[in-house]
Protein chains: 6
Amino acid sequence: MTRILLFNPNTSTEVTDLLVRVARPFLSPGSTLVPVTAPRGVSYIATRAEAAIASGIVLDVLAEREGSFDIAIIAAFGDPGLGGARELMSVPVIGLAEAAMLSACMLGQRFSIVSFSRALGPWFRECAAMHGLVERLASIRLLDEPFASLANVQDEKEELLIDLSRKAIDEDGADVIILAGAPLAGLASRVRERVSVPVVESIVAAVKQAELLAALNPKKASAGTFRRPDPKASLGLSPALERLLLAEPAEKAPSP
Amino acid sequence: MTRILLFNPNTSTEVTDLLVRVARPFLSPGSTLVPVTAPRGVSYIATRAEAAIASGIVLDVLAEREGSFDIAIIAAFGDPGLGGARELMSVPVIGLAEAAMLSACMLGQRFSIVSFSRALGPWFRECAAMHGLVERLASIRLLDEPFASLANVQDEKEELLIDLSRKAIDEDGADVIILAGAPLAGLASRVRERVSVPVVESIVAAVKQAELLAALNPKKASAGTFRRPDPKASLGLSPALERLLLAEPAEKAPSP
Amino acid sequence: MTRILLFNPNTSTEVTDLLVRVARPFLSPGSTLVPVTAPRGVSYIATRAEAAIASGIVLDVLAEREGSFDIAIIAAFGDPGLGGARELMSVPVIGLAEAAMLSACMLGQRFSIVSFSRALGPWFRECAAMHGLVERLASIRLLDEPFASLANVQDEKEELLIDLSRKAIDEDGADVIILAGAPLAGLASRVRERVSVPVVESIVAAVKQAELLAALNPKKASAGTFRRPDPKASLGLSPALERLLLAEPAEKAPSP
Amino acid sequence: MTRILLFNPNTSTEVTDLLVRVARPFLSPGSTLVPVTAPRGVSYIATRAEAAIASGIVLDVLAEREGSFDIAIIAAFGDPGLGGARELMSVPVIGLAEAAMLSACMLGQRFSIVSFSRALGPWFRECAAMHGLVERLASIRLLDEPFASLANVQDEKEELLIDLSRKAIDEDGADVIILAGAPLAGLASRVRERVSVPVVESIVAAVKQAELLAALNPKKASAGTFRRPDPKASLGLSPALERLLLAEPAEKAPSP
Amino acid sequence: MTRILLFNPNTSTEVTDLLVRVARPFLSPGSTLVPVTAPRGVSYIATRAEAAIASGIVLDVLAEREGSFDIAIIAAFGDPGLGGARELMSVPVIGLAEAAMLSACMLGQRFSIVSFSRALGPWFRECAAMHGLVERLASIRLLDEPFASLANVQDEKEELLIDLSRKAIDEDGADVIILAGAPLAGLASRVRERVSVPVVESIVAAVKQAELLAALNPKKASAGTFRRPDPKASLGLSPALERLLLAEPAEKAPSP
Amino acid sequence: MTRILLFNPNTSTEVTDLLVRVARPFLSPGSTLVPVTAPRGVSYIATRAEAAIASGIVLDVLAEREGSFDIAIIAAFGDPGLGGARELMSVPVIGLAEAAMLSACMLGQRFSIVSFSRALGPWFRECAAMHGLVERLASIRLLDEPFASLANVQDEKEELLIDLSRKAIDEDGADVIILAGAPLAGLASRVRERVSVPVVESIVAAVKQAELLAALNPKKASAGTFRRPDPKASLGLSPALERLLLAEPAEKAPSP
């Protein structure tokens, strides 16, 4: 049984529930989801500052849950803390944006990211750059107006998001659309017949990429830039994180 | 049931058999493999010229088999004919190199491609560039000496390929190794404990990415650069390909 | 006498005739044109799939004609099969797009490609990328409407193509215009006084670049990525191509 | 009087003291340093994970000290939390790496970063990429052996660091050397006569760039990607950071 | 005392006076300005040809004044002759554009360059490319209409330049504005409250960067690409330049 | 009759003679060479400073000779003053490096530049960057030792230059070699049988590219970044250059 930690770094439990609801039907028989919501932070991460805050919290939570999962998904588009988590943990860690973008690459040459808040632009762009995928990114298209509630933003803005998707296709040359952001989970399947190119459902991409990594069963790197760091003392961090930073590097035992 | 066409564009049936043998244990319950070997061409594609020859043959075979599969894998590292096939077919098509490289991206920042013949270098490099992944490519490391037989090249060269992998890690900064080329299928799991970073098994990556795309169930683009081309008359091509080029664009019917 | 093979990979003999008509007045005394039209394929190549089909046919025809020419021009903008042909043949091979783009580089910093069919966009863009010239490409501007006949498309669309050229100059920053595609041969000289920057006539550029290469009289590479590949057996290919793939690498004899 | 917050995101007070000792002689009459050491974290940040941890702590400390400084220096080479801090704070914030690299750009075409621990490599490289300066980076050269104490690492490794600098010049094409990392503060002036190109003292560069920004007296952006984010509620963060995230955007009052 | 040569490579003495007037209040106690106006050339450099003419004149003037300054600013946005001067002179030389662009990098991710004449576009773009800063450049926005007099262009066009700045912010994604060109000196502080992102005053940036370099007190490179060239005889050049080209490389004596 | 100005921006008349001797046999019947040697400057340009000096002299000489040639070659590898000359002159101007590099692009994917003096490296690299050809440049390989005389450097260093060429092929991945620098004119044909990839003779490439441009007969741009600049008064420049800067833009009359 592959235990997939689905960690929502936002504090919004209704978004976590939504992600689980959308992802669960796509799980393979041998997989199970372990949903966790951020105990601290903001209800939805949108800016560089909020992503910086979240990145430490991601490490805290993964450290605390270590041993209870076989692979982790950081389920906020933008992938806060991904590099550090991939370095520190002995099991694979992937990001929601990473999974969606890499999956989109197989459906066309360039993809556009469409979402509901202008504030997300810089973070999304830096995320694509961090993954070396700027050449594959046609555009980022964002709404620029308030929304009533995070839980219902995908219903409230459905028409406007379809309009943005069309502009991304017609004006920016997108071959694929990613409806980005955890609060939009499930929208892709609802709008797919009204958008003229493939639409990627990010959380489904993430769960299936997690299963792919489980199948590849990669060993933990003991060399390269993602090897486990040398043990290091720390001051004032959470006990779990302090312990993890102090731990000796050890290779993950191979699957039997 | 998802029917995955595993098309080996090389004429070597023992390589096709090997790919099936390695991939089959990783298939999900709802998937089945349809293995096909190139009826024309060379026993293993290595150069730009051989890839150009193969790209037309890929289209021929996919056109001929149309309707008998739900997704296709072009199972030669280098992905001959991928762009054209993705454009022309109404179901998703992925390449072995594409699947391996995108999967490697989730295991580190930069990957190296390691294989058994110097002749493969230019084609592999142009393949990485075509996919916009040069920034993620640490190096291509290739043996430069003859091998006794294609069917046994992975046994014959195992030690040398491990040595190359180590050089890629130590000197080129690779976080991940891809043992590239269909004749090396199955080698990754055998050498994994002797390489200090994750090693990607390309055909397993390809089969799981195929299942991921099946889960995403993308519609056929009717816009963007991978929309079905306009119908066009042709001269002297295979009947199946002639028919496919003449067909009216039609969106894939949505899944029930 | 330098025999320049002018190979039109489209099946349209009127386009071949047009290319010859436009190019011939620019031939140097020591050069002669050997025009050949594709025996198979489509009347004009526009998509990735059609380019993939053409690339194998290019190799077939060049293999069959080997020995009857001193240099070859692949006379479709997009350069199908160029890399493979350059690798395989012992004499120089150049592409129509390559010759036009490199020539344009000497007339300004950035050029725009203007042509008559939207379908050509992805292929042209990938061609510019293949040649490493994206930084020099200001834009690709294409008409998006049907045309009555290929043979007369340049007359029918003359005004619209001039309009597109002006937009490329005013909005995209083009210093040079390339009217791209074999069916537009001859148009550049007709519209030159109505476009405010230099307009490159692709087939004239190709013929003069062919003569330049003849003057440089380059030896066939026996090293690097364009050395003659090792001999390789094949299955089901044309006799000429099978023979060429099997041939021992041999350096071109130096000119006396 | 310009109050420059010199925030060391490492927990090592002796490094903070060292930075102040090196920087103070270069302060202009109108400037004063406000040194602060991280209350939590690790004694020296080296990995992606440690940088992620530090980035949240940077925001905490800056939020807590808000109003007590006119400009802030994040004094760890690698610039943890820089983007978020620049976004959130109403006064300018700069990074030690940023200041050193931009200053190096005025002394040559390409610079090399030389430091004392192999673990720093990935973080430094990602920092240079984040600043869009990869084209200016000749190489990163790092020692790969343990050191006795952080406080004395610059004395212990002086010869080896000079050797690395020479290799960066001779083999990598460096025009300028940056001795990177807060624990190396002061070393540049000691070794300058033994290195054949300019050596940048990072903390001096940072203090002078801080004074430059004070002279430019930039207003806080109310547009663009560094405008003050919209107010947002949070959960479980430090009181100061919670307050800052909740604050209404307000432009910095212009200097009288 | 640091003597900063402020060399205006334009022949317009009123522009030199303006630069001095704007810069002087920002000088540190230990600095003094040595203003010099080009004795030959054009009143304001705008094109590649004029920049080429200026680059030789820059070398002439710097050679002639050698020994009378400790650092030099080439005070035309576009930095004519900068590379050669940096190579040839034993003291640091910086450009007005370089100083402004590097300073802007600390105030946001991308900057736009705004100026008063369309003719400046190619030169400014090539300047940004020369400095490897294209990734940080959001756009160049230029007026396209005549102006009455160079001395008053900043007053005459103030409103239009503010409009262009706003377009750069809203449409091109600029985080920072550089009002470029020596004739616009002083305008930044006048318009700052009407532009919603930081506006960089180029000459202030240049003077403070000059003081920063004076603080770093870099030695003259005796290796790398900015080492003093080997002595070389010349013909028909100005006596000072001839002498400088003939001089033996000598390291700048370290400051006492 | 096409009059091709072959302008050597070095003051060495024996190099001019050599260039003419090598180029003349390749002239087409309708072409004639007009050789000119720089009246001022250095005997061979090697550094950024010397290139800056030369760029003004190039404009002086071209202005003075205006009307006496139909196309100009700036015959120093590095192309001093090319951009300005192309802007200012009403006839085409090309550079020796530009012509050689663009020609090399048709003979392989990447070329290496091989020459006789280490001092040339930065200038050559910046030249390749200026032309947007860095992606096509495999390496620059330079001798690092004195030579006896410029006139005989190609004989003296023949063996060493062949060695460097082999290293460029074997270690750097060069498909083509450019023996760069006017003093090496004629060497390519002498060493061609001893180098395993094509060797480009730069001056032959330049003369044939000049004839190609003559065949294309481009009009002078009246738009784009190479349009004739607006008339401008100047001070202290050569009479011819002053006159040219003052001239009204006028389109070149079309050929009859």
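In this structure, the amide hydrogen of B:PHE69, modeled 1.01 Å from its nitrogen in the peptide plane, lies closer than 5 angstrom to no residue at least 5 positions away or on a different chain.
Using equal-weight Cα scatterers in the Debye expression, the normalised intensity of the protein assembly as shown in log10 at q = 0.04 Å⁻¹ is -0.24.
Taking a sphere under 11 Å around the Cβ of B:ARG40 and counting the other residues whose Cβ falls inside, with K and R at +1 and D and E at -1, yields a net charge of -2.
On the beta carbon distance between E:ASP163 and A:LYS167, with R0 = 35 Å, the FRET formula returns roughly 0.85.
With respect to the axis relating copies A and D by rotation, the chain A residue whose beta carbon is closest, plus that distance in Å, is A:GLY56, 2. For A:SER43, the residues whose modelled amide H falls within less than 5 Å of its own, excluding neighbours fewer than 5 places apart on the same chain, are A:THR11. Cβ crowding within 10 Å, taken as a proxy for footprinting-reagent exposure, orders F:ASP163, E:ASP175, F:ASP155, C:ASP70 from fewest neighbours to most as F:ASP155, F:ASP163, C:ASP70, E:ASP175.
Ratio of Rg to Rh for the range F:26-74, alpha carbon only, Kirkwood?
On the way: Rg = 12.9 Å, Rh = 12.4 Å.
Taking Rg over the Kirkwood Rh, I get 1.04.
For a quick check: sort E:THR32, B:THR225 by the number of other beta carbons within 10 angstrom, fewest at the front. Walk me through the numbers before you get to the answer.
On the way: E:THR32 14, B:THR225 23.
Taking fewest neighbouring Cβ atoms as first place, the list is E:THR32, B:THR225.
Looking at the square roots a ≥ b ≥ c of the eigenvalues of the Cα gyration tensor of the range C:37-118, which shape do they give, rounded for a/c under 1.5, prolate if a/b is larger than b/c, or oblate? Oblate, since a/c reaches 1.5 and b/c is not below a/b.
Sorted shortest first, the separations between the C:GLU193 label point and its copies elsewhere in the assembly read 5.4, 5.9, 5.9, 7.5, 8.3 nm; each point sits 7 Å from Cα along the Cα-to-Cβ line. When the inverse distances between all different Cα atoms of the range A:1-61 are averaged and flipped, the Kirkwood radius reads 12.3 angstrom.
Evaluated at q = 0.10, 0.11, 0.14 Å⁻¹, the base-10 log of the normalised Debye intensity for chain B, with identical point scatterers placed on the Cα atoms, takes the values -0.47, -0.57, -0.92. Taking Cα atoms only, the orientation of helix A:13-23 departs from the longest principal axis of chain A by about 80 degrees.
B:ALA51: net charge of surrounding residues, Cβ under 11 Å, Lys/Arg +1, Asp/Glu -1, itself excluded? All intermediate terms of the calculation are to be shown ahead of the outcome.
On the way: positive: B:ARG48; negative: B:GLU50, B:ASP79, B:GLU126, C:GLU87.
That sum, taken over residues with Cβ under 11 Å, equals -3.
Spatially, the range B:4-48 and the range D:59-129 are offset by 51 Å when compared through their Cα centroids. Taking 27 Å as the straight-line reach from the Cα of E:LYS220, the lysines in range (excluding those fewer than 8 positions away in the same chain) are D:LYS157, D:LYS167, D:LYS208, E:LYS208, E:LYS232, E:LYS252.
Note on chain D: with a GNM built from Cα contacts shorter than 10 Å, the maximum mean-square fluctuation among D:PRO35, D:PRO25, D:PRO218 falls on D:PRO25. Summary for B:ASP155: label point 7 Å along Cα→Cβ; distances to the equivalent points in the other copies, ascending, 6.3, 6.3, 6.4, 7.0, 9.1 nm.
Is there a quick way to get the dipole size of the protein assembly as shown? I mean about its Cα centre, with the Cβ of Lys and Arg at +1 and of Asp and Glu at -1; what is the value in debye to the nearest 20? Intermediate results must be reported in sequence, preceding the final value.
On the way: 156 positive and 180 negative charges, 0 e Å.
Magnitude of the dipole: close to 0 debye.
Kindly identify the range B:85-144 as rounded, prolate or oblate by the Cα gyration tensor criterion: order the square roots of the eigenvalues as a ≥ b ≥ c, call it rounded if a/c is under 1.5, otherwise compare a/b with b/c, prolate if a/b is larger, else oblate.
Values: a/c = 2.27, a/b = 1.44, b/c = 1.57.
Cα axes put the range B:85-144 in the oblate bin.
Across the copies of the chain, F:SER68 has label points (7 Å from Cα along Cα→Cβ) spaced 3.7, 5.1, 7.6, 7.6, 8.8 nm apart, shortest distance listed first. With neighbour counts taken as other beta-carbon atoms within 10 Å, the residues B:ASP172, D:ASP60 rank, fewest first, as B:ASP172, D:ASP60. Anisotropy class assigned to the range E:109-201 is oblate, per the alpha carbon gyration tensor with a/c at or over the 1.5 cut-off and a/b no larger than b/c. Remark: the range C:93-105, residue by residue, has Karplus-estimated 3J(HN,Hα) of 10, 10, x, 5, 5, 4, 4, 5, 5, 5, 5, 4, 4 Hz, where x stands for each Gly or Pro and the curve is 6.51 cos²θ - 1.76 cosθ + 1.60 at θ = phi - 60°. Evaluating 6.51 cos²θ - 1.76 cosθ + 1.60 at θ = phi - 60° for every residue in the range A:180-197, the Karplus couplings come out as 9, x, 3, x, 9, 4, x, 5, 3, 5, 6, 9, 4, 6, 9, 10, 8, 10 Hz, glycine and proline recorded as x. GNM on chain A, C-alpha springs below 10 Å: top fluctuator among A:SER202, A:SER68, A:SER149? Most flexible of the set in this elastic network: A:SER149.
Readers should treat all values here as calculations from the given coordinates under stated rules, not as data from a laboratory. Because the structure is predicted, anything quoted here is derived from the model rather than measured. Cβ coordinates were reconstructed from backbone atoms using ideal geometry, including for glycine residues, and neighbour counts include every protein chain displayed.
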